[in-house]
Amino acid sequence: MAKSPLPAMLGIVTRPWFWAFAASALAFIATLYLSDGRGGGELLAAALTFASFSAIVGIGQMFVITLGPGNVDLSIPATMTLAGTLALKFMGGETGLIVPGLLLALAVGLGAGIFNYLLIRLLRIPPIIATLSASFLYQSLAIWWNRGLRIKPPEVLADFTTGALIGIPNLTVIGILIAVVSWVVLERSLFGRWISAFGQNTRAARLSGVPVEAVRAITYVSSAVLAAFTGYLLASFSGGAALNMGTEYLLISIAVVVIGGSSIAGGNSNVPGIWGGALLMFLVVSMLNSYGFGAGVRLIMTGTIIIAIVAAASGKGRSA
């Protein structure tokens, strides 16, 4: 006798990430409806491309938020800007310097992550204050190095970041690979269990032998490195590093974590939901732009939609 598909369908609906993807689908349909179904392929490609930036920084933010209340990385936008600025200036449009430029960007992220952790650990500064203060330093360095210039990326790199593989944007492939690796780390590794234990009860985790400070350090470094990598990709995609290029990713990096079903109280992460939240954020803005709403109305409606999704996901539980 064949098994009923109903239990499996109900299992999917109760997943916290389901609501983000469902809302994304509705926003996609609503936008297509306004255009009489035209441009669906272009809209999907754009959504996958721009959601990739949000997903990568969102994954880094998710690692930090999983550590528990008070843990958030507010230096992500400035880290993106500094990494993108230094990398593009170093490469100077030279194809042969693409890999060294990437390594430089990652080194910026590594340095930023270590500096953030040292502020938190050695000076006992709350993470939200430490990362916010550090962001002013990183942004100032970016301004000093940039000096108003907009250096173009190497042509090969620009073509890669704007290109596609069998119809799927290259940036989306990179974002999905990072998500898969992150899921394996969080759900199938000892380090992932350590992060969850840290977020659920730091004192209990310490007493059970979890190296809590090492976990915190690696987590903040991971967030900064992913932000730096995103800055490198975004600067290459957009044709140059701009001093405000990371600004919108401060709230987005937090929003996609919350919308995606991760617990803001810590101890519970949800990698698939990050992509659902990232797609939703882009598609909501696209839908509201298509309907001709002004900036103020877009902000109000975007906030309302986010609250509705989070409330719906919370009502269905937090099983991942």
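Values in this text are rule-based calculations from the coordinates and carry no lab data. Please read all numbers here as calculations on a predicted model, not as lab measurements. Using ideal geometry, Cβ is built from the backbone for each residue, glycine included, and neighbour counts are taken over all protein chains shown.
Here are some notes:
- Counting every alpha-carbon pair across the chain, the share separated by more than 26 Å comes to 48%.
- Backbone HN-Hα couplings from phi across the stretch 154-168 [Karplus 6.51/-1.76/1.60, Hz, Gly and Pro as x]: x, 4, 4, 5, 4, 5, 5, 6, 9, x, 9, 10, 6, x, 9
- Relative contact order of the chain, defined on C-alpha pairs under 8 angstrom at six or more residues apart (%): 37 percent
- Working note: Karplus 6.51/-1.76/1.60 with θ = phi - 60° gives the stretch 210-225 the couplings 6, x, 4, 6, 5, 4, 5, 4, 4, 5, 5, 5, 4, 4, 5, 5 Hz, where Gly and Pro are set to x.
- In whole angstrom, the stretch 68-225 maps to an equivalent ellipsoid with semi-axes of 32, 22, 11, each derived as √(5λ) from the alpha carbon gyration tensor and ordered largest first.
- Charge dipole (the chain, unit charges on Cβ, about Cα centre) - positive-most of L171, F63, S140: F63
- Farthest toward the positive end of the dipole of the chain, out of G273, G84, N201, is the Cα of N201, where the dipole comes from beta carbon charges about the Cα centre.
- Residues whose amide H comes within less than 5 Å of that of A164, counting only those at least five positions distant or on another chain, are N170 (H built at 1.01 Å from N in the peptide plane).
- For S262, the residues 5 or more places off, or on other chains, whose built amide H falls under 5 Å of its own are N270.
- Rounded to the nearest whole Hz, the Karplus-based 3J(HN,Hα) values (6.51 cos²θ - 1.76 cosθ + 1.60, θ = phi - 60°) of the stretch 95-101 follow the sequence 4, x, 9, 4, 5, x, x, with x at glycine and proline.
- Highest to lowest packing among 77-90, 132-145, 205-218, 41-54, scored as the average C-beta count within 10 Å: 77-90, 41-54, 132-145, 205-218
- By definition, a body whose alpha carbon gyration tensor gives a ≥ b ≥ c is oblate when a/c is 1.5 or more and a/b is not larger than b/c, and the stretch 17-110 fits this oblate description.
- Each part gets one Cα centre, and for the stretch 115-165 versus the stretch 182-258 those centres are 15 Å apart.
- Other-chain or far-sequence residues with amide H under 5 Å of G267's (modelled H): L67, G68, G199, Q200
- Dividing the summed helix terms, -39500 (n - 2.57) for each DSSP H run of n ≥ 4, by the number of residues in the chain produces a 222 nm estimate of -24500 deg cm²/dmol to the nearest 500.
- When only the Cβ of Lys, Arg, Asp and Glu is charged (+1, +1, -1, -1), the dipole of the stretch 41-313 relative to its Cα centre reaches about 660 debye.
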